[in-house]
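What follows is one structure encoded as structure tokens, with my remarks underneath.
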Amino acid sequence: MPFSPKPQANSSTRPCGLSRTHKIGLGGLEFLPDLSGALYAPDFKALLVADLHLEKGSSLARRGVHLPPYDTRESLRQLRAVIAAVKPERLIFLGDSFHDGEARQRIDAGDLSELRALTGDFPTIWIAGNHDPEPPEDIGGGIMGEVALGPVTLRHEPRALGDGELEIAGHLHPAASVAQRGHRIRCRCFVADTRRLIMPAFGSYTGALGISSAAFAGLFGDYHVWMLGARAIHRFPAGKVR
Amino acid sequence: MIGKGDRQHRAMGEGSGQGNSHGVGCVAGKAKSSWSAMSHLPQRFHDWFAARGWSPRDHQLAVLDHAAKGDSVLLVSPTGGGKTLAGFLPSLVELAQGAKRSGIHTLYVSPLKALAVDIARNLEAPVAEMGLPVSVETRTGDTPYAKRKRQREQPPDILITTPEQVSLLVADPGAAHMLRDLRCLILDELHSIVISKRGVLLSLALTRVATHAPQARRIGLSATVADPDALRAWLVPAGTTPAPLVLGQPGAPPSIRILKSVERVPWSGHSALYAIPEIYAEIKAARMTLVFVNTRSQAEMVFQSLWEANDDHLPIALHHGSLDVGQRRKVEAAMARGTLRAVVCTSTLDLGIDWGDVDLVIHVGAPKGSSRLLQRIGRSNHRLDAPSEALLVPSNRFEVLECEAARQAAKANAQDTQYPSVLKLDVLAQHILGRACAGPFAADALFAEVTGAWTYRNLSREDFDKCLDYVATGGYALRAYERYAKLKRQADGLLRLSHPRLAQSYRLNVGTIVEEEMLKVRLAHVKKRLGKRVVMGGRVLGELEEWFLSQLAVGDTFLFSGEVLRFEGLDEFGALATRTTSREPMIPSYAGGKFPLSTYLAERVREMLANPKVWVTLPPQVRDWLSLQRWKSVVPKANQMLVETFPRADKHYLVAYPFEGRLAHQSLGMLLTRRLERKGAQPLGFVASEYALVIWAVRDLSLLIGNGRLDLAALFDEDMLGDDLEAWLAESNLMKRTFRNAAIIGGLIERRQPGLEKTGRQMTVNTDLIYDVLRTHQPDHILLRAGWDDAADGLVDVHRLGAFLKRIRGQIVHRALDTVSPLAVPVLLEIGRESIYGEAHDALLAEAAGELVDEAMWLV
């Protein structure tokens, strides 16, 4: 029997859709989480996207692990879908947008022109990350270490915050799990308390790290998570998840 | 025949060299040997046999006869038939004649690594006693590098090894040298190996062996099987005459009883705890008992209950695959010494070494298949002349029928039909990489070689080329990885490995057994420090599936290694647990029976059900149950399928009785609910058991069927195996699981990388993500096809479902009832059973069960 499941129209491996019920507040601003893992800042009409890890597939291919070379294409497709739904006016990438320093050289011509089309359509900022300390300069958009969005600082890696400091970061790829009827369900998630918000990774080959792991220790006070389900976003207090 | 208690002289290698017998030998007695074969047995061997008061058996001489002509041969013989010696005898005779040669003479392959050392030791006796110039060595995954290296330089005459090692052997650039004088391949436990991917991989390795040593004959050793012709064809190159068949002498028919309990046999469930006092009494009356169960969680439960009933402090032990190897070895040694009275075990003791003098086999729960039952019964009284003693303990009422069916089947020595596994694309990909490790090759030649295996005789060149392309660059339509290719074309057109690192990685990742991700469970100590609980890891108890451990919260209790443990959390080495005084553990919720009911047994159960005349053989409670079913609803004929619909509380139920096993029922449930959804019946859920399937819905199903809005024939039409199946599978987690296996076997994901032992958890990219991306961008990729094939074969049982739908065409009997029927009670009780924690739910369930039973047993 030949295997040829036709993906349904508009199907995407990761669904998108802005939450109508959930808002994440930080410093008096409201942010809207999207099912895809992107975050919309309506006050600035800006779409925030963390940890794209473009060309992760080809990075592994150099070591003989031939993962399907469609991850960049898929991530960009997802991005287009979110943009079409949310209709932002600017894009901000929170670092680790490119999996490594040579990603720019390996990227497929079609994907490259799609990337350039995006930066042509929207004012774009690439925040540098540990995977891409120097994001490529020839794809359009500006490169910065941090971006201030009103009282909130956007950066790649979360930092120790001083009094009154607020941040939105990526880097940690958070995921959370809840137990229900004997099943433990694990999803990527947004994590936030009143001072800090950490975004899930957006890229199609990115893994995730449980929020109870050591990397998250000390970052949050009394926090909530917004878990990205298949069809909706679910909010849980810290005590309910691990 | 051997005298009683003469264990020293028991025949070696019944089935698999059951081996605490201390010598290679044969059974004494009146031999009716053909003279032509006798003439192939040199005087030295005759004398050796005679010195022990033995003489060779007919089938051993028949094998010798075929071997002398250079023919391959399949020996099918029951346990206890001296099979392994029959396999080795021709090689020993040839080697005794000492023709000048070099390299390996005989390669013996067994799926059980643990047997290798045992077989080798058993061969040493005749070799030494006859003074034969024969060297015997083993080679398994545990063999140190230095020994392997020496084996390459100075190969032994007889090498005892496993299927994976044969793959590694032929992937070695020195394979041609080592195998050039190979005369014989002995493939033990052939019946068990051909049905798995290990067998498929072995069949490919054999094509390489055949290229290096076309002169080598093959001797297949198998337990009794339903269809020996498939094995005869499997054994030899495709297109040649199937290997001739030699049959061993059948043993005495086993004596099988079914427990006639004074207790009430439960309506459903798999624990059989009601029968513990009776099982204990049987253990007390016997010398040494093996208590077989179907799952590890059952083993834990039965063991714990027996321990509580153990007023006489009998030495009773536990043995299953999750326990620490050291602990298992201890149990085995104690069995061999005869210091144990009973061992509760799972399939880990199905095959292999005869650890002790077992005089009773108790099977708790239905054996699910006739062949498995015969194999397990064979563990007792390992002698051909004496009947094996077995007791079946059904754990619920349907299992009473199944046990009776199995008893009759075993009495008739009827076997289940199991088909050899063929044409696995992921296995082929692994073999191609292995071929490249041995040296540069031509694609045409490899294609010809591969299709020489019976398993790949129908492989198309197109699929072969796709596999080759997959190995080289991943096989993607977007040719992104040409520069990272694993295979490169040389100037002479041959393909070669692009980097030696790949050969190293191949050696680390060879094989087709993809383990569940397991975590070690360690016994921990808790210390108070500054008022805080500090948990310190201690000795390893065994391993458990990661998915199970991830369900636990700190403080949860579970049954493992025969103890109630408290989960204390995970650390970098695995799970930590402490002993607890709690006697009410949260029990691991493995699915009921791990093995599906065999088609053959299912047929017998249906026949028994349809024939009230045979009900007299059943226990009274079961008889009453079936009689009431006849009164309240109907008992279907053997070729029919009964469908009952009835309302209950505020829902409407549909129960179907296909008797095709849980796996097939689960798939059927998925497909039927999709269809009912489309028909507007608003199904809410379904549960499958081994025998039946229940679906509940919002709409009145009896009414929908009655007024023709819902046509049962259309609902169960075979066309559900088309688009519905494909659409469901593509989205289901089953596909993700089989895809993961295919990705690992096919080498997309490496289990281990040179220099660092990666666990599944740290694997580069989650295979679910790869599956999603691949499905979206290249749905015809070869690994998706491999995953699909496996899902269709193994997890979904598409073939069985297809045969079933064909069978019931025009044979559906529908009854619209007012209340639940007696036959429906067991499957209704399964609802909600999948997640039971603690006692509260149990009480609720018991309460609910009571109500249900009352309702079903009302006569009017």
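Other residues within the sphere of radius under 9 Å centred on the Cβ of B:LYS147, judged by their own Cβ, net out at +3 (K and R +1, D and E -1).
Given the -39500 (n - 2.57) contribution per DSSP H run of 4+ residues, what per-residue ellipticity at 222 nm results for chain A, rounded to the nearest 500 deg cm²/dmol?
On the way: 4 runs with 39 residues, N = 242.
Rounded to the nearest 500, it is -4500 deg cm²/dmol.
Near B:LYS679, which lysines are there with a Cα under 28 Å away, not counting those fewer than 8 places off in the same chain? By straight Cα distance, B:LYS679 reaches A:LYS6, B:LYS651, B:LYS806. A crude spin-label estimate for the pair B:LYS520 and B:ASN458, with each label 7 Å from Cα along the Cβ direction, gives 4.6 nm. Close amide H pairs (under 5 Å, H built 1.01 Å from N) link B:VAL564 with B:THR580, residues at least 5 positions away or on another chain.
Each Cα pair under 8 Å and six or more residues apart adds its sequence gap; the mean of these over the residue count of chain B is a relative contact order of 11 percent. Between the listed residues A:PHE122, A:PRO151, A:GLY170, the Cα displaced farthest toward the positive end of the dipole of chain A, a dipole computed from Cβ unit charges relative to the Cα centre, is found at A:GLY170.
Quick one: what do you get for the stretch B:425-509 if you divide its Cα Rg by 2.2 N^0.38 Å?
Working: Rg = 12.5 Å, N = 85, 2.2 N^0.38 = 11.9 Å.
Rounded to two decimals, the normalised Rg is 1.05.
Find the Rg to Rh ratio for chain A, where Rh is the Kirkwood radius over alpha-carbon pairs and Rg uses the same atoms. Mind showing how you got there, number by number?
On the way: Rg = 17.5 Å, Rh = 18.3 Å.
Over the Cα atoms of chain A, Rg/Rh equals 0.96.
Computed over neighbours whose Cβ is under 14 Å from that of B:ALA409, the net charge equals +2, Lys and Arg +1, Asp and Glu -1.
Distant-in-sequence amide contacts of A:LEU52, defined by a placed amide H-H separation under 5 Å and a gap of 5 or more residues or a different chain, comprise A:SER97, A:PHE202, A:GLY203.
Under the rule of at least 5 residues apart or a separate chain, name every residue whose amide H is placed under 5 Å from the amide H of A:GLY142. Answer set, sorted by chain and number: A:THR124, A:ILE125, A:TRP126. Distance from the C-alpha centroid of the stretch B:54-79 to that of the stretch A:201-242: 65 Å, rounded to the whole angstrom. Note on A:54-65: average number of Cβ atoms from other chains within 10 Å of each residue's Cβ is 5. Derived scalar couplings between HN and Hα for the stretch B:781-788 equal 4, 5, 6, 5, 5, 4, x, 4 Hz in order, rounded to whole Hz, by the Karplus curve 6.51 cos²θ - 1.76 cosθ + 1.60 (θ = phi - 60°), x for Gly and Pro. Helix B:838-857 and the longest principal axis of the C-alpha atoms of chain B enclose an angle of approximately 70°. The three principal axes of the C-alpha atoms in chain B carry coordinate ranges of 86, 74, 71 Å, sorted with the longest axis first. Phi angles across the stretch B:520-530 convert, under the Karplus curve 6.51 cos²θ - 1.76 cosθ + 1.60 with θ = phi - 60°, into 3J(HN,Hα) values of 6, 10, 10, 6, 10, 10, 10, 10, 8, 9, 6 Hz, Gly and Pro given as x. Taking all Cα pairs closer than 8 Å and separated by 6 or more residues, the relative contact order of the stretch A:28-134 comes to 29 percent. Can you give the longest run of chain A that contains no GluC sites (Glu not before Pro) sitting in a DSSP loop with at most 11 other Cβ atoms inside 10 Å? With a cap of 11 other Cβ atoms within 10 Å, the longest stretch comes to A:138-242. The trypsin sites (Lys or Arg not before Pro) of the stretch B:212-268 that meet both conditions, a loop assignment by DSSP and at most 12 other Cβ atoms within 10 Å of the site Cβ, are B:LYS260, B:ARG264.
Please grab the % of Cα pairs in the protein assembly as shown that end up more than 40 Å from each other.
Values: 321318 of 606651 pairs.
Considering the protein assembly as shown, 53 percent of its Cα-Cα pairs are separated by more than 40 Å.
Other chains' Cβ within 10 Å of B:479-488 residues: what's the mean? Let's see the in-between values first.
Numbers: counts 1, 12, 9, 0, 4, 9, 3, 2, 0, 0.
Per-residue shielding by partner chains comes out at 4.
Would you tally the net charge around B:ARG183, using a Cβ to Cβ cut-off of less than 9 Å, leaving B:ARG183 out, and scoring K and R as +1, D and E as -1?
Numbers: positive: B:ARG101, B:ARG217; negative: B:GLU94, B:ASP181.
My count for the surroundings of B:ARG183 gives 0.
Across the alpha-carbon atoms of the stretch B:600-658, the computed radius of gyration and Dmax are 12.9, 39 angstrom.
Based only on Cα atoms, what mean projected area does the convex hull of the stretch B:255-411 have, in nm²?
Values: hull surface 34.1 nm².
That works out to 8.5 nm², a quarter of the Cα hull's surface.
Can you tell me the relative contact order of the stretch B:422-550? Whole percent, Cα pairs under 8 Å, sequence separation 6 or more. Please list the in-between numbers first.
Working: 137 pairs, mean separation 25.9, N = 129.
RCO, the stretch B:422-550: 20 percent.
For chain B, give the magnitude of the charge dipole about the Cα centre (Cβ charges: +1 Lys/Arg, -1 Asp/Glu; no others), in debye to the nearest 20. Numbers along the way, then the final one.
Working: 103 positive and 96 negative charges, 402 e Å.
The calculation lands at about 1940 debye.
Out of all DSSP beta bridges in the protein assembly as shown, what portion is antiparallel? Express it as a percent rounded to 5.
On the way: 72 of 143 bridges.
Rounded to the nearest five, the antiparallel share is 50 percent.
Roughly how big is the protein assembly as shown's charge dipole about its Cα centre, with Cβ charges of +1 (Lys, Arg) and -1 (Asp, Glu), in debye to the nearest 20? Please list the in-between numbers first.
Values: 131 positive and 122 negative charges, 343 e Å.
For the protein assembly as shown, the charge dipole is close to 1640 debye.
At 222 nm, what value in deg cm²/dmol follows for chain B if DSSP H runs of at least 4 each add -39500 (n - 2.57) and the sum is divided by all its residues, to the nearest 500? Can you show the working numbers first?
Details: 33 runs with 346 residues, N = 860.
Dividing the helical sum by the residues of chain B leaves -12000 deg cm²/dmol.
Projecting the Cα atoms of B:ALA386, B:PRO500, B:THR84 onto the dipole axis of chain B, where Lys and Arg carry +1 and Asp and Glu carry -1 at the beta carbon, places B:PRO500 farthest toward the positive end. A simple rule links phi to the HN-Hα coupling: the Karplus curve 6.51 cos²θ - 1.76 cosθ + 1.60 with θ = phi - 60°, which for the stretch B:654-667 gives 10, 10, 10, 10, x, 6, 10, x, 4, 4, 5, 5, 4, 5 Hz, with x for Gly and Pro. The residue among B:VAL343, B:VAL302, B:LEU628 whose Cα reaches farthest toward the positive pole of the charge dipole of chain B, with charges on the beta-carbon of Lys, Arg, Asp and Glu, is B:VAL343.
Structure remark: mean-square fluctuation, Gaussian network model of chain A, C-alpha springs under 10 Å; the largest value among A:ASP100, A:ASP34, A:ASP222 belongs to A:ASP222.
With charges only on Cβ, +1 for K and R and -1 for D and E, what is the dipole size of the stretch B:114-250 about its Cα centre, in debye, rounded to 20?
Dipole magnitude for the stretch B:114-250 comes out near 440 debye.
Using only Cα atoms, what Kirkwood radius does the stretch B:343-480 have, in angstroms?
19.1
When each of the peptides B:221-229, B:684-692 is scored by the mean number of other C-beta atoms lying within 10 Å of its residues, the order from highest to lowest reads B:684-692, B:221-229. With each label modelled as a point 7 angstrom along the Cα→C-beta vector, the B:ALA714-B:ALA252 pair spans 6.2 nm. Taking the centroid of alpha carbons for each part, the stretch B:665-732 and the stretch B:384-405 are 34 Å apart.
Values quoted throughout were computed directly from the atomic coordinates according to the rules given, and no laboratory measurement underlies them. Computed from a predicted structure; not experimentally measured. Reconstructed Cβ throughout: ideal geometry from the backbone, glycine too, with neighbour counts over all protein chains shown.
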